[in-house]
1. Are there any pairs with C-beta distances below 6 angstrom linking a residue in the range 103-130 that is over 14 Å from GLU80 (Cα atoms) to a residue that is assigned to a strand (DSSP E or B) and among the acidic types (Asp, Glu), with the two at least 6 apart or on different chains, and if so which?
2. In the range 34-73, how many are in contact with a helix residue (DSSP H, G or I) (Cβ under 8 Å, 6 or more places away or on another chain) and among the β-branched types (Val, Ile, Thr)?
3. Looking only at residues that are of a type in the set (Val, Ile, Thr) and at pLDDT 95 or above in the range 5-53, which one is surrounded by the most Cβ atoms within 10 Å (Cβ to Cβ)?
4. Tell me which residues, restricted to the range 35-63, are among the aliphatic types (A, V, I, L, M) and either in a strand (DSSP E or B) or touching a residue at least 40 places away in the same chain (Cβ under 8 Å) (or both).
5. Which count do you get for residues in the range 64-80 that are touching a residue at least 60 places away in the same chain (Cβ under 8 Å) and surrounded by 14 or more Cβ atoms within 10 Å (Cβ to Cβ)?
6. Only one of ALA32, ALA6 is over 12 Å from the mean Cα position of the chain (by Cα), under 18 Å from THR103 (Cβ atoms) and touching a residue at least 60 places away in the same chain (Cβ under 8 Å); which?
7. Residue check, CYS97 against (1) surrounded by 13 or more Cβ atoms within 10 Å (Cβ to Cβ); (2) out of contact with any Asp or Glu (no Cβ under 7 Å at 6 or more places or on another chain); (3) part of a strand (DSSP E or B), all met but one. Which one?
8. Do you know which residues across the range 77-99 are closer than 14 Å to ARG64 by Cβ and not acidic (Asp, Glu)?
Amino acid sequence: MAGTLAEWIEGYRVAWERRDPEAAARLFTPDATYRSNIVEEAHQGQEGVRAYWQAVTASQSDVRVRMGRPFVDGYRVAVEFWTDMKVDGEAVTLPGCLLLDFTDEWLCRRLREYWHFLPGEHRPPDEWGQ
C-alpha cells in the first residue's frame, strides 16, 4: 500500500519495470476501475488490474519507465509517463498520461490512461514531465 502520492507513483513505475502484476494490483482499491484504453471497458477491481497487467506485460522486456512531475488537485492527479521497452523483442516507446482519482490513503480508485505507441526508441522533448 502506498502512503503518499510520491510512493504510489514510484510503486507504479517499479511494478511496470519489474512486470509485477501483484505489486500493481496492491496500488488500487478492491473496487477500482482501470481504463487502459478510453474506448474499451474498464478492468474491474484489483483482480482486473492484476489480470490486465499479467497479459499486457507478458510480451514486454527491458522496460524503463520515467514518470513526470504530477499535477495535483486534491486527490485528483495527472502524471505523464515515458516508457522505453521491447515488445516481442522490438524496441518501442510509449509516452502517455495517467488520470487518477485516489482515496485519502493514496490508493487509486479510478485510472484512465492515454498513450501513443511508437516503434523504435525516442527521446522526450526538453519540457516533458514538468
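The values are calculated or read from the model by the stated rules, or taken from the named source; none is laboratory data. Because the structure is predicted, anything quoted here is derived from the model rather than measured. For neighbour counting, all protein chains shown are included, and Cβ atoms are generated from backbone atoms with ideal geometry for every residue, glycine included.
1. Final answer for the pair search is ARG109/ASP101; ARG110/ASP101; GLU121/ASP84.
2. Looking only at that region, the number is 5.
3. Filtering first and then ranking leaves VAL49.
4. ILE38, VAL63
5. Of the residues in that region, 6 qualify.
6. None of the others qualify; the one that does is ALA32.
7. Just one mismatch for CYS97, condition (2).
8. Listed by number, the residues that qualify are PHE81, TRP82, THR83, MET85, LYS86, VAL87, ALA91, VAL92, THR93, LEU94, PRO95.
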